Amino acid sequence: MGVRSFYHTITLWLALASASYGQSWHPMTEVRQQATSFLNNSIQKRFPDYKTTVSVNSIDQRLRLSKCDNPLTYTLHEQSLRASNVTVKAQCMGIKPWSFYLTAKVTHEGVVLVANRDLARHETLSSADVRLETRKISSMNGNNLSQTTSALGLQTKKALRAGEVIKSTHLTAAQVVSKGDHVTITAINQGISVAAAGTAMTHGKVGEQIRVQNDRTERIVKARVVGAGQVEIRL
């Protein structure tokens, strides 16, 4: 619905209200209170580890909607629970049905991971580099980290200032093998493993497949990086 159409609808409602003097109207204060309660319950179920504050924006008191003879229902999209600005639909399913939308501001407070010092790009994180703090969070986009172990051994993708919140999007697996490194190639087949010395032909992070050369046979194969100087082939 466009802005002009929206205001046209509101004007029509107000006109009908003026023409229907004496009719019983649904209290907007009650709608706002119920919407607040609905949002609080919905968000707490979705994010139980965070303290949530909900502020439903004021409703124009000139809005006149018939007193609903059934309890109102409130709905919102699941995805919108992650946002800081939320829209809730209030709906009457009574004899004289109606519906309209309310907007609300939502803030979350919880434990997040922050940089303990200035961090340069491509630094590999240790426990001394990070700490946990309680912070206000404007958006629950799934990128926040709440455990120190979630970041240990990972590498920064950008420079971070001391005290800055560290998100999962700021980190990547650390490069543990560089081109030309001597590596141990472990071939595994049905529980039996055989190790051989090799040389990395490309850089690699844990979990990545890289090309390595068997130093004895000079054969080049693809192997998965499992640690510093360690690659694995499953046959």
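The values are calculated or read from the model by the stated rules, or taken from the named source; none is laboratory data. Being a predicted model, the structure only gives us computed values, none of them experimental. Using ideal geometry, Cβ is built from the backbone for each residue, glycine included, and neighbour counts are taken over all protein chains shown.
Condition check: modelled with pLDDT of 90 or more, surrounded by 14 or more Cβ atoms within 10 Å (Cβ to Cβ) and within 20 Å of Ala128 (Cα to Cα). Does His203 satisfy that? Can you show your working first?
Values: modelled with pLDDT of 90 or more: yes; surrounded by 14 or more Cβ atoms within 10 Å (Cβ to Cβ): yes; within 20 Å of Ala128 (Cα to Cα): no.
It is false that His203 is modelled with pLDDT of 90 or more, surrounded by 14 or more Cβ atoms within 10 Å (Cβ to Cβ) and within 20 Å of Ala128 (Cα to Cα).
Quick one: which residue in Glu232, Glu218 is in a strand (DSSP E or B) and among the acidic types (Asp, Glu)? Step through it out loud before you land on a result.
Values: Glu218 fails: in a strand (DSSP E or B).
Of the residues listed, the single one that is in a strand (DSSP E or B) and among the acidic types (Asp, Glu) is Glu232.
Please pick out the residue among Gly153, Gly180 that is surrounded by 13 or more Cβ atoms within 10 Å (Cβ to Cβ), over 21 Å from the mean Cα position of the chain (by Cα), closer than 30 Å to Gln213 by Cβ and of a type outside the set (S, T, N, Q).
Gly153 is the lone residue from the list that is surrounded by 13 or more Cβ atoms within 10 Å (Cβ to Cβ), over 21 Å from the mean Cα position of the chain (by Cα), closer than 30 Å to Gln213 by Cβ and of a type outside the set (S, T, N, Q).
Every residue in segment 88-127 that is of a type in the set (Gly, Ala, Ser), closer than 30 Å to Gln147 by Cα and not in a strand (DSSP E or B), please. Explain how you work it out, then say what you get.
If we filter segment 88-127 for residues that are of a type in the set (Gly, Ala, Ser), which is where we start, we get 90, 94, 99, 104, 110, 115, 120, 126-127.
Adding the requirement that they be closer than 30 Å to Gln147 by Cα leaves 104, 110, 115, 120, 126-127.
Passing the criteria: Ala120, Ser126, Ser127.
Does Gln155 count as touching a strand residue (DSSP E or B) at 6+ places or on another chain (Cβ under 8 Å) and either assigned by TED's automatic domain parsing to the domain that holds Asn41 or not aliphatic (A, V, I, L, M) (or both)?
Details: touching a strand residue (DSSP E or B) at 6+ places or on another chain (Cβ under 8 Å): yes; either assigned by TED's automatic domain parsing to the domain that holds Asn41 or not aliphatic (A, V, I, L, M) (or both): yes.
Taking the combined requirement at face value, the residue satisfies it.
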